[in-house]
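Remarks on the structure that follows.
The values are calculated or read from the model by the stated rules, or taken from the named source; none is laboratory data. Given the structure is predicted, the values throughout are model-derived calculations rather than measurements. In this analysis, Cβ positions are derived from the backbone assuming ideal geometry, glycine residues included, and neighbour counts consider all displayed protein chains.
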Amino acid sequence: MGRQPSAGAGGDHPARHAGGEPAPPQAGQRPDGEVLLSPEQIAERWGVPRKSIYGYVHQLGLPAVKVGRHLRIRPSDLEAWLERQAVGR
């Protein structure tokens, strides 16, 4: 029997330890496997200043969560927000 693929490697099952226990979430990853993005990561991907992402959160309603002192954004929330921002549809 081989290892089960992790959720990020195209498999449908979360990564497991040798004893069959679910692996603990990685940094920036929720227990359900969804990765949380930082404003810095989004800004880099979009080629905009980091302050713009904070502005989208505080002024334009981009959903975000606080993890301790850090702001994080769920990719699913980001996609839904982007759809609502579409112009000319």
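Quick notes on this one:
- Once region 56-76 is narrowed to residues that are surrounded by 12 or more Cβ atoms within 10 Å (Cβ to Cβ) and touching a residue at least 40 places away in the same chain (Cβ under 8 Å), the residue that is nearest to Pro39 (Cα to Cα) is Arg72.
- Residue in region 41-55 that is touching a Leu at 6+ places or on another chain (Cβ under 6 Å) and surrounded by 15 or more Cβ atoms within 10 Å (Cβ to Cβ) present: no
- Within this structure, Ser52 passes the test of being of a type in the set (Ser, Thr, Tyr) and modelled with pLDDT of 95 or more.
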